[in-house]
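The values are calculated or read from the model by the stated rules, or taken from the named source; none is laboratory data. Small disclaimer: the values here were computed from a predicted structure and weren't measured. Cβ: placed from backbone, ideal geometry, glycine included. Neighbour counts: every protein chain shown. Please note that ligands, DNA and RNA were not included when accessible areas were found on the heavy atoms of the full protein model with its side chains. Shrake-Rupley method; radii C 1.70, N 1.55, O 1.52, S 1.80 Å.
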Amino acid sequence: MNLNELILPMLIILIGIITGFLFEFLIIRKIREKCFETDWDGFKVVIRSLKGLSAFCFTIAAVYIALNYMVIDAAILSSINKILTILLVLLITWFVARLTSGFVNLYTQQAEGVLPSTSFFGNITKILIFAVGIMVIISFLGLSITPLLTAFGIGGIALALALEDTLSNMFAGLNVITSKEMLMGDYIMLDSGEEGYVQDITWRNTTIQSLTKNTIIIPNSKIASTIITNYHQDQKEMLVKVNIGVSYGSDLEKVEKVTVEVAREVIEELSGGMILSIPT
């Protein structure tokens, strides 16, 4: 092909890319803003799943159209079509994985008491859907799945040994979630000294936020094997012990009076605080 024959196909591809980005930043953004005003969170899940896919979809469609205006060898054209089809299957798999994972996370948030509200089950759902997508691609390429499954079974032993820590963290996280001994929002303290509110339990780590708003990331295997004090079970109220040191020559009555006054001020300003017993 000469340069003149490439101008129209390249122009079509360029228009497709630009259209995809415009559709993403104008149409999808407007729809996202409208959906966030609705009461049903399912719309938000759908829009989040579509984020970033428009440019790729329009680009693939533009390439398909541009191929009709290009003089290419049949074998090369067949290979390009296969690549585009594989990319399209990956995009669909990506969208379905994000959509399904989003609804799983939404269900775990709404079904309080049935499943803990963590991203663990959403991540597992993504992995399963991507596995199905890869199987579809393998079948499309004309490869037999049975020998591959056999090879995966043999190689799975070596892979399990190589990923021993990762698998240990994953099953430990599943055990922590199903036992319900530690839920989202619980204030916990490990025997190693780390403490804070549980933010999330993923397939690898448990994330807690300390009182100083720092994020602490702990491997699930350590969570499963350590001693944990859960201050939210069986009641959420906590007693905080504060050590106060004064000199021996201090007026104890005045120290007590000032301490009580400061304690009352702190309790009044502290959200959720309550006075159990403060001497007068």
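Remarks
- Residue among THR212, THR206 that alone is open to solvent by less than 60 Å² (accessible area, probe 1.4 Å), of a type in the set (Ser, Thr, Tyr) and either part of a loop (DSSP other than H, G, I, E, B) or closer than 17 Å to GLU181 by Cβ (or both): THR206
- The stretch 192-203, subset part of a loop (DSSP other than H, G, I, E, B) and among the small types (Gly, Ala, Ser), residue most open to solvent (accessible area, probe 1.4 Å): SER192
- Qualifying residue in the stretch 76-95 (condition: part of a helix (DSSP H, G or I), over 23 Å from ASN123 (Cα atoms) and among the small types (Gly, Ala, Ser)): yes
- Residues being in a helix (DSSP H, G or I) and closer than 26 Å to ILE7 by Cα - total across the stretch 45-75: 16
- Screening LYS241, LYS236, LYS222 for residues that are outside any helix (DSSP H, G or I), closer than 30 Å to GLU181 by Cβ, basic (Lys, Arg) and modelled with pLDDT of 65 or more leaves exactly one candidate, LYS241.
- Here is the figure for the stretch 173-202: residues that are within 19 Å of THR108 (Cβ to Cβ) and in contact (Cβ under 8 Å) with a residue 40 or more places away in the chain total 15.
- Candidates are the residues of the stretch 251-280 that are surrounded by 10 or more Cβ atoms within 10 Å (Cβ to Cβ) and either assigned to a loop (DSSP other than H, G, I, E, B) or among the aromatic types (Phe, Trp, Tyr) (or both); the one that is modelled with the highest pLDDT is ASP251.
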